[in-house]
Amino acid sequence: MKTSPLIAAIAGATLAGSAQAHFQLVYTPEVMLQDPTEINLKLVFGHPMENGHAMDMGQPEQFTVTFKGEQTDLTDSLKPVTWSGAHNEAQAYEANYKVRRNGDYVFALTPAPYLESAEDIYIQQITKSMVNKGGMPTGWNEPVGLPTEIVPLNKPYQAFANGSFTGQLLSDGKPAAGVECEVEYINTDIDMAGNAFGKENTGPVPDTAIVAITDPNGMFTFGIPRPGVWGFACLGSGPQKEHEGKELSQDAVLWIKASEF
Ligand SMILES: [Cu+2]
């Protein structure tokens, strides 16, 4: 059977243009701890809402944790792992970290720029995830000094489905206005022991990307429609615009956890 090239082109464009957004994950299942715990964090680059293909990460530039204003470099603790996506395998990383004292732990990953060959651009998603111990807040709403980052105005480890979440996007420490932020949730199971996404989606996939645009103060608000791990990726907000002679999209990513209230 002959398919017209126009139909084929439209079909291809529809696939490429659907809700497929890249998201750098920094994931650990329990984000509100009561007891001292050694947590395991997975660093995976993928398309979590469609459960699409996983992408190979290069050796990350930096991985840190900030606790009560004190930053500790954890880059040397990263271990490469092979991650099984629903459709393919990819290079990912993991780290273990001992949470002992009460307060907020802000994990921040600066991955190596990733060459997206389909667009011939580099993507670098600078990503934050937080863990709290003992219910004591100690700085979840403070920036940690990344080139670009989303500063939460609601507790990121205690958001609620049917509630809202507000963040402020910073670039070089200053509010970044008019930036498009994509919104996704992890729409599959995560097998921590097996380093794998599940094969199936656990919820719906919207027809097109969910988007919020930052206001003149760099703020955006999103109403969280269902419980889960939700991510925000503000695109191209970082100060660095070029890497190895190609365009670089330096993005700010933040993950939050929303529960049923
Ligand atoms: Cu992609």
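The values are calculated or read from the model by the stated rules, or taken from the named source; none is laboratory data. A quick note: this is a predicted structure, and the numbers were derived from the prediction, not measured. Counting neighbours? That spans all protein chains shown, and the Cβs are built from the backbone with ideal geometry, glycine included. When the accessible area is computed, the model is the full protein with side chains, heavy atoms only, and any ligands, DNA or RNA have been set aside. Shrake-Rupley method; radii C 1.70, N 1.55, O 1.52, S 1.80 Å.
Taking 7 Å steps out from each Cα toward its Cβ at ARG226 and GLN34 produces label points 2.9 nm apart. Each 5 Å bin from zero holds the following percent of Cα-Cα pairs in region 121-261: 2, 10, 18, 21, 19, 16, 10, 4, 1, 0.
For region 186-200, putting each phi into the Karplus relation 6.51 cos²θ - 1.76 cosθ + 1.60 with θ = phi - 60° gives couplings of 6, 9, 6, 6, 10, 8, 5, 6, x, 6, 8, 7, x, 7, 9 Hz, in residue order, rounded to whole numbers and with x for Gly and Pro. Using the Cα coordinates of region 21-259, the gyration tensor eigenvalues translate into equivalent-ellipsoid semi-axes of 23, 21, 19 Å, sorted from longest to shortest. Taking the Cα centre of region 215-258 as origin and assigning +1 to Lys and Arg Cβ atoms and -1 to Asp and Glu Cβ atoms, the resulting dipole is close to 280 debye. For the modelled label position 7 Å from the Cα of ASN217 along Cα-to-Cβ, which residues of region 149-169 have backbone nitrogen atoms closer than 14 Å? Under 14 Å, as judged by backbone N against the label point of ASN217, lie 151-154, 166-169 of region 149-169. Extension gain for the segment THR202 to VAL81, taken as residue separation times 0.36 nm less the Cα-Cα distance, is 41.1 nm to one decimal. Computing FRET efficiency as 1/(1 + (r/R0)^6) for ASP56 and GLU180, where r is the C-beta to C-beta distance and R0 is 22 Å, gives about 0.30. Simple rule: put +1 on each Lys or Arg Cβ and -1 on each Asp or Glu Cβ in the chain, find the dipole, and look at TRP230, PRO36, THR82; the Cα lying farthest toward the positive end is PRO36. Overall, the chain carries a charge dipole of about 560 debye about its Cα centre when +1 sits on the Cβ of Lys and Arg and -1 on the Cβ of Asp and Glu, all other atoms neutral.
Provide the per residue accessible area, probe 1.4 Å, for region 21-259, rounded to a whole number of square angstrom. Walk me through the intermediate numbers first.
Working: 10070 Å² over 239 residues.
Counting only protein heavy atoms, the per-residue value for region 21-259 is 42 Å².
Near the amide H of GLN62, within less than 5 Å, lie the amide hydrogens of THR110, all on another chain or at least 5 residues away, with H placed in the peptide plane. For region 150-211, a simple Cβ point-charge model (Lys and Arg +1, Asp and Glu -1, everything else neutral) yields a dipole of about 280 debye relative to the Cα centre.
Coupling constants for region 253-259 follow from the phi torsions by the Karplus curve (6.51 cos²θ - 1.76 cosθ + 1.60, θ = phi - 60°), and in residue order they are 10, 9, 10, 10, 10, 10, 10 Hz; glycine and proline get x.
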